[in-house]
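Structure record follows, encoded as C-alpha cells.
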Amino acid sequence: MTSAHLVILGRQGSGKGTQCERLVEAYGMIHVSTGVMLRSAVAAGTELGREAQAIMDTGNLVPDEVINGIVAERLAMPDVVEHGAVLDGFPRTPVQAQVLEDMLDLAGTPLVGALNLDVPVGVVIHRMLDRGRVDDTEEAIRRRLDLYESETEPLLSWFEDRGLLKVVDGLGSEEEVFLRLCTTVDEILG
C-alpha cells in the first residue's frame, strides 16, 4: 500500500496529543507536529528554519508560506514517504489544507482522512482547569477555545466537503477513545 496521511483535529484538552502518540505507535505512521517541525527546522539551521526563527524572534506568527515550506520538507523525508503520517497542528486553515492536498497529490501519497476528536467544550474546560497550569484560567481557556472554534469551523467544512472528515467521540477512558479511533482508521485505510 502507498503510504497514507491522516490529519488529527480536536479542541485543546481533547486528549489529541495522547491519542496521536498511540495512533502512530499502532499504525507505524510518523507523528508530524508543526511545533516539533518548527523547532527541528530552527535547530537544523535549514533556510526555512532560519526564516522562521527570525520571524519568531520578533514575536510574530510564522506565516503560511514558511509553515507550508517546513511541512513540505518534512513530508518529503524518507520516513514519512515510507510510512505515512499523522499530521497534528497542520493544517489550521482551509488554505493550508488545500496546500497540503496539492503537496500530497503531487507526491502521489494521498490524504485519506481527517479525524476530529470531539469532546464537548464543558468537558475540555474542566480537564484543562484540572491540570492546574497558571495560564489555564477559565477566561483564558474560553478565549483559546473560541479562537479554535472560529479558525477550525471552516477547516472542518473543507474536510467534510471532500468526504474526508470523520468525527470520533472523545468521551470515555483513554482506551475506549483509542479503540474508537482505531475502528475509524481501519475503516479509512480499508
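Since every read-out is calculated from the coordinates, none of them should be taken as a lab result. Computed from a prediction, not measured in an experiment: that's the story for all the values here. Note that each Cβ is placed from the backbone with ideal geometry, even for glycine, and that neighbours are counted across all protein chains shown.
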(request) Please indicate, with yes or no, whether at least one residue in the range 53-69 is farther than 21 Å from GLN96 by Cα and in contact (Cβ under 8 Å) with a residue 60 or more places away in the chain. (result) no
(request) Answer yes or no as to whether LEU147 is without any contact (Cβ under 8 Å) to a residue 60 or more places away in the chain, of a type in the set (A, V, I, L, M), exposed (fewer than 15 other Cβ atoms within 10 Å of the Cβ) and closer than 18 Å to LEU6 by Cα. (result) no
(message) Just the residues that are free of Cβ contacts under 8 Å to residues at least 60 places away in the same chain and either of a type in the set (S, T, N, Q) or within 12 Å of HIS5 (Cβ to Cβ) (or both), please, taken from the range 70-89.
(response) VAL71, ARG74
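Rundown of residues vs (1) closer than 28 Å to TYR27 by Cα; (2) in a loop (DSSP other than H, G, I, E, B), yes/no style:
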position	(1), (2)
ASP130	no, no
VAL134	no, yes
ARG142	no, no
ASP146	no, no
THR152	yes, no
GLY172	yes, yes
LEU179	yes, no
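Taking the options MET29, MET37, name whichever one is touching a residue at least 24 places away in the same chain (Cβ under 8 Å), touching a helix residue (DSSP H, G or I) at 6+ places or on another chain (Cβ under 7 Å), farther than 15 Å from GLY113 by Cβ and crowded, with 20+ Cβ neighbours inside 10 Å. Walk me through it before giving the result.
Working: MET29 fails: farther than 15 Å from GLY113 by Cβ.
Of the residues listed, the single one that is touching a residue at least 24 places away in the same chain (Cβ under 8 Å), touching a helix residue (DSSP H, G or I) at 6+ places or on another chain (Cβ under 7 Å), farther than 15 Å from GLY113 by Cβ and crowded, with 20+ Cβ neighbours inside 10 Å is MET37.
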